[in-house]
1. Inside segment 270-292, can you point out the residues that are in contact with a Lys or Arg (Cβ under 8 Å, 6 or more places away or on another chain) and either within 18 Å of Cys347 (Cα to Cα) or charged (D, E, K, R) (or both)?
2. How about segment 57-107: which of its residues are closer than 20 Å to Ala367 by Cβ and among the aliphatic types (A, V, I, L, M)?
3. Checking the conditions here, which among Tyr266, Tyr227 is in the same structural domain as Tyr167 (by TED's automatic domain parsing), surrounded by fewer than 20 Cβ atoms within 10 Å (Cβ to Cβ) and not acidic (Asp, Glu)?
4. Being in contact with a helix residue (DSSP H, G or I) (Cβ under 8 Å, 6 or more places away or on another chain), on the phi < 0 side of the Ramachandran plot and either in a loop (DSSP other than H, G, I, E, B) or modelled with pLDDT of 95 or more (or both), is that true of even one residue in segment 356-377?
5. Mind checking which pairs have a first residue in segment 363-379 that is closer than 17 Å to Asp73 by Cβ and a second that is surrounded by fewer than 11 Cβ atoms within 10 Å (Cβ to Cβ), Cβ under 9 Å, 6 or more apart or different chains?
6. Restricting attention to segment 151-158, does a residue exist that is touching a helix residue (DSSP H, G or I) at 6+ places or on another chain (Cβ under 7 Å), modelled with pLDDT under 95 and hydroxyl-bearing (Ser, Thr, Tyr)?
7. Can you name every residue in segment 308-348 that is under 25 Å from Met108 (Cα atoms) and either in contact with a Gly (Cβ under 9 Å, 6 or more places away or on another chain) or assigned to a helix (DSSP H, G or I) (or both)?
Amino acid sequence: MKKFFEKIFASALILILLFSGCSGMDNAVNTEQNLSDYVEGEDYQNFLSSVSAMAKAPNGYYYFNDLMLYYFDEETKEAYPVCNKPNCNHQTASCMAFFNLFQYHPFMLSYYENALYVWGWEEDGSTRHNYIYEISLDNYKRKKAAFLFDGTSSGSIYYIIHRGYIYYIKSGGTDLKQQTACLYRVKIGNTSTKKEEEIIYEYSGIGAEIWSLTASGNRLFILNSSYGDTEGNGYATSYSVIDIHSLESETLVGNGAYSLFADGNYVYYGKDENTIYRIDLTTKEETFFCEIDGPCYISADNNYIYFDNLQAVYIDKTDEKNRKITVCDKNGNYVAEVIPQEPKDECYFGGDDYMLFKDMSAGKVYAFDKSQLATQNRQFIHLQ
């Protein structure tokens, strides 16, 4: 069992590393928001994917593909480059939709208050200034939205934008020695390179790491990991929950849990290879939710819970022909299955309207209309 969980967490870390403001307005956290309410345009879009190169806007989805930024229009069911440059053929680096790998990391994308955000950097002699950049949806111009830190990380960073702040972790790899991993935050709009990084949570231990971060309502959820000794024995994990106002934290679930997903006042997680449990965040009551076919990624929208067994394909070497996304209602009852076109296509679960997929090897992107879940005639919309 230990090896099983080590493989799961190592796989998730690899995904993070691979795929891994505004206008002077007051972006203060709204303390009047209820704990479990989802605020469109202000909250982290955890329903897409834990490491997402896509972001949902009111009438469609933005996504990166082959270093280009595209928009999928839900009404026309077409996708096109995010560029308004006259006579641009969208084939060169001068295109407004192109993101240079030497300046940006076009493998994570966020939407917040009618703008897109991407991690990038600026070289100043021998110093690298890391920023989150804002992309205007009015004219597609880019500007600095927040300064993160100076220097380079030996691994990568992972960030989310939620209720006025950018929360981020630095993943530099694990050393089997006593160390402290940190969760940071910076307010959107703070671009000063003179500020000190604000640490809001620390986790210490041998080989200590924080490498999963999500948010729902007024709560952050993180995954901690460490070892029992410097020989690499006693690998252990735990999920913690942090209040974004008081910054108080507590352990939510201990060793062995994986793929935790927060949905309003509930969290869902894998307790072993074939069992999903649910925790009521108000009462802290833990109950059985459903059974699954092997380890999975979990997501939800307002109507359904989704279980993607891509983990089983990669980790347990489940036969690729058995790849599927299982759909259940909010009571754990089976609804349907969605079979990707290719067994290793990445799934971006989406909002209430669409589920999107990407063939990572061929660069193909396609969408699935969730209104077809109740029918047998299911077709994909090919975007690229």
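1. Matches in segment 270-292: Glu286 only.
2. Listed by number, the residues that qualify are Ala57, Met68, Leu69, Ala79, Val82, Ala97.
3. On the way: Tyr266 fails: in the same structural domain as Tyr167 (by TED's automatic domain parsing).
Checking each option against the conditions leaves just Tyr227.
4. No, segment 356-377 contains no residue that is in contact with a helix residue (DSSP H, G or I) (Cβ under 8 Å, 6 or more places away or on another chain), on the phi < 0 side of the Ramachandran plot and either in a loop (DSSP other than H, G, I, E, B) or modelled with pLDDT of 95 or more (or both).
5. As it stands, the answer is Phe368/Gln379; Asp369/Gln379, since those pairs meet every condition given.
6. Yes: segment 151-158 contains one or more residues that are touching a helix residue (DSSP H, G or I) at 6+ places or on another chain (Cβ under 7 Å), modelled with pLDDT under 95 and hydroxyl-bearing (Ser, Thr, Tyr).
7. Asn309, Leu310, Gln311, Ala312, Val313, Tyr314, Ile315
Here's the yes/no breakdown for (1) in the same structural domain as His245 (by TED's automatic domain parsing); (2) among the hydrophobic types (A, V, I, L, M, F, W, C); (3) surrounded by 21 or more Cβ atoms within 10 Å (Cβ to Cβ):
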| residue | (1), (2), (3) |
| --- | --- |
| Tyr140 | yes, no, no |
| Arg163 | yes, no, yes |
| Ile166 | yes, yes, yes |
| Ile169 | yes, yes, yes |
| Leu176 | yes, yes, no |
| Thr180 | yes, no, no |
| Ser204 | yes, no, no |
| Ala208 | yes, yes, no |
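The values are calculated or read from the model by the stated rules, or taken from the named source; none is laboratory data. Predicted model only: the values in this text are computed from it and were never measured. A quick note on method: Cβ atoms are made from the backbone with ideal geometry, for glycine too, and the neighbour counts reach across all protein chains shown.
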